[in-house]
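Structure first, commentary second.
The values are calculated or read from the model by the stated rules, or taken from the named source; none is laboratory data. Predicted model only: the values in this text are computed from it and were never measured. No Cβ is skipped: glycine too gets one built from the backbone with ideal geometry, and neighbour counts run over all protein chains shown.
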Amino acid sequence: MKTGYAAIIALLVLTPIVRAGDPEIKNIILMISDGQGFNTVRATEYYTGRKAVYERFEHRWAMQTHSAGHRNGYTGRPYDPAAMAADFNYAKSGATDSAAAATALYTGVKAYDNEINVTPGGTPLETLFEKAARAGRSIGAVSSVPFVHATPAAVYGHSRSRMNYPALAKEAIYGREPGAHNTHYDAQNHHGMLKVILAPGNPEYDNDAGRRSLPSYGLIGDESHWRDLSAGANGWTLISTLTEFEALGRGNTPDRVFGLPHVYETLQQRRGSRAPRNDKTPPRAVPANNDVPDLATMTRGALNVLDNNPAGFALMIEGGAVDWANHDNHAGRMIEEQIDFDRAVEAVVEYLDRDTGGNNWSNTLLVVTADHECGYLWGDGRVDGSTFFDVDGNGTFDHGVDYAHVRDNGAGRLPELWYHSGSHSNTLVPFYVRGAGSGLFERYVIGVEPNLRKIYDLDEGWSGKYIDNTAIFRLLESGSFFRERRAE
C-alpha cells in the first residue's frame, strides 16, 4: 500500500482522459497572476469600474493548489469545503509555495515546497514546456519579477532549491550543466526551442530603474554570466530598453531574445519606499518607473518571437508582483499589478482575435489562473476589534451567515478590504479558459465547493466545481500536444 507523498502522486497523476474528436491544440498560453485569489479579482474590478476580459470567458472553474508538503515537514492537504466553512483559520495553513505550484502546473506532479521540477523522491521531471519543445514547438517565459524566481524559472529550470539563483540563471543562459538535476534538458536549451525569456533581473539597475554605481549580480549568478549574455552567449540577443521591448512586438525578431528591463526585482512593485502593512495608499500615488515596459508590452514581444515557428509554441506569462504586493498587504500596489496583468491578458486576446500568424481561438488554448492565493484577502469585516467574520466572535464562521465581501467604494477609490495574512493561503483560486480544448477541463473536476458563490459574492456563472492544479498538464498529455509536430 502506498503511503505519504507516493499516495498523493498516485491519486493525482491519473490516466489521461482522451476521446476521439478532441480538438487539436497547436499553442498553449498559460497566464498566472501569482498570489491572486477571487477577492484580488473583485477588488481590482471595483477600483477600475469594469470586469477583466477573462471574466467573460465561457469556461471557468475553481482550482485547488496544495503541494505535496515540505521535505521533512508537513504533508500537503487537498482543499476541504467543510473545513473552509467551519474554521476561518483553516486556509491559513498548509498552503503551497510558488515552486511546488509551478511544478504541479507544468508537470502534473505534486512536489515539495521550495523545489522546482523534481519529485519528492528527487527525480527530475520533464515539464510541459520541455515536452512541447521536443515536439518541435517554441517555448518562452515572461514575468514581472526576476527570471530566476520560481514561476518563470520552472519553465526552463530544475533545482532542489528555488533559492539557487546562480544555478537557475546558468540553466537559463547556457542550458544543462553536467551533474545538474535535469536529465531531459540539453546544452542547446530544449533543443534550441527556448526562444524567449523576458523578466527583471538586470544587474546594472535598481528597483527604481536607476543606474547603479556598481552592478549587483545576485539574480544573474555572477559577472561572467552577465558578460556572456551581453556578448550573445548561446545565441541569445539581449535587450533592455523600453524602445527595444516595444520594437520586439512588431516586425522581424531575433531567433532568441533574453530581455532584462532597466530594473532589478520588479517592473514597478518595489519602486519607492516600503509602506506599512495594510497601507491604504492608492494605486499610482508613487510615479511609475520610466524606460520600463509593462507586462503587456513584453507579452506582445514574446508572442512575436514565438510565432516565427509555424509548428506552434508554449508560453508562460506571469504577473508575479501581485504576490509581492499581497505579501506586503499593500492593496494599492496589488491593484496596480493586477491591472498590469489584466492588460497583458487583453493583449493576448487581441492577438488571437486578429488571427495573428494563423494563431486563433480554434488552435490556441488560453489559461488564466493563479498558482495560489496570497494575503488571505477579504472584505473589512472587523467588528469591535475582531478580525474574524462571525457573529459570536469565537473565531469560526457561523453557519448561515455570509462571508465578509470586498465592498465597492466606486471606480478610482480603494474598495473596503482587509488582509488576514502576510503569506499564502490554501483557498481555491479562479481558473478561466478559452480556446481550443477549453471545455475539456470539465473531465478533470474533482470536487464542488457548495458555498463558492456565497463566499466570494460571485455570479451564477460559477458552479462551485473545482479542479486540481495538475489538470493542465494532464489535459495536454491526453491529446496530441506533446507529439512531434511538423511545420505546416
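What the table below lists for this structure:
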quantity	calculated
Top-ranked residue in region 439-473 [being buried (at least 22 other Cβ atoms within 10 Å of the Cβ) and of a type outside the set (A, V, I, L, M); ranked as nearest to Phe129 (Cα to Cα)]	Phe473
Pairs with Cβ under 8 Å, 6+ apart, first in region 36-49 and without any contact (Cβ under 8 Å) to a residue 12 or more places away in the chain, second of a type in the set (Lys, Arg)	Glu45/Lys51
Number of the exception - Glu265 against (1) modelled with pLDDT under 95; (2) acidic (Asp, Glu); (3) outside any helix (DSSP H, G or I)	(1)
For Gln338: the one exception among (1) in contact with an Asp or Glu (Cβ under 7 Å, 6 or more places away or on another chain); (2) more than 26 Å from Lys195 (Cβ to Cβ); (3) part of a helix (DSSP H, G or I)	(1)
Residue in region 130-148 that is closer than 26 Å to Ile446 by Cα and among the polar types (S, T, N, Q) present	no
Whichever residue in region 108-139 is assigned to a strand (DSSP E or B) and either of a type in the set (S, T, N, Q) or in contact with a Leu (Cβ under 8 Å, 6 or more places away or on another chain) (or both) and, among such residues, is surrounded by the fewest Cβ atoms within 10 Å (Cβ to Cβ)	Val118
Count - residues of region 406-426 that are part of a strand (DSSP E or B) and surrounded by fewer than 23 Cβ atoms within 10 Å (Cβ to Cβ)	4
Residue in region 173-215 that is surrounded by the fewest Cβ atoms within 10 Å (Cβ to Cβ), counting only those that are touching a helix residue (DSSP H, G or I) at 6+ places or on another chain (Cβ under 6 Å), closer than 20 Å to Ala132 by Cβ and at pLDDT below 90	His191
Close pairs (6 angstrom Cβ cut-off, 6 or more residues apart or separate chains): among the polar types (S, T, N, Q) in region 68-87, surrounded by 14 or more Cβ atoms within 10 Å (Cβ to Cβ) and part of a helix (DSSP H, G or I) anywhere	none
Condition met for Ala285 (farther than 30 Å from Phe481 by Cα and surrounded by fewer than 24 Cβ atoms within 10 Å (Cβ to Cβ))	yes
Sole residue being within 16 Å of Asn290 (Cα to Cα), surrounded by 15 or more Cβ atoms within 10 Å (Cβ to Cβ) and of a type in the set (A, V, I, L, M), chosen from Leu248, Leu242	Leu242
Per-region count, region 232-257, residues in a helix (DSSP H, G or I), free of Cβ contacts under 8 Å to residues at least 60 places away in the same chain and either of a type in the set (Val, Ile, Thr) or in contact with a Phe, Trp or Tyr (Cβ under 6 Å, 6 or more places away or on another chain) (or both)	1
Residue under evaluation Val429, criteria (1) surrounded by fewer than 22 Cβ atoms within 10 Å (Cβ to Cβ); (2) closer than 20 Å to Ile339 by Cα, criterion not met	(1)
Members of region 81-105 found to be modelled with pLDDT of 95 or more, closer than 13 Å to Ser425 by Cβ and of a type outside the set (A, V, I, L, M), listed by number	Thr96
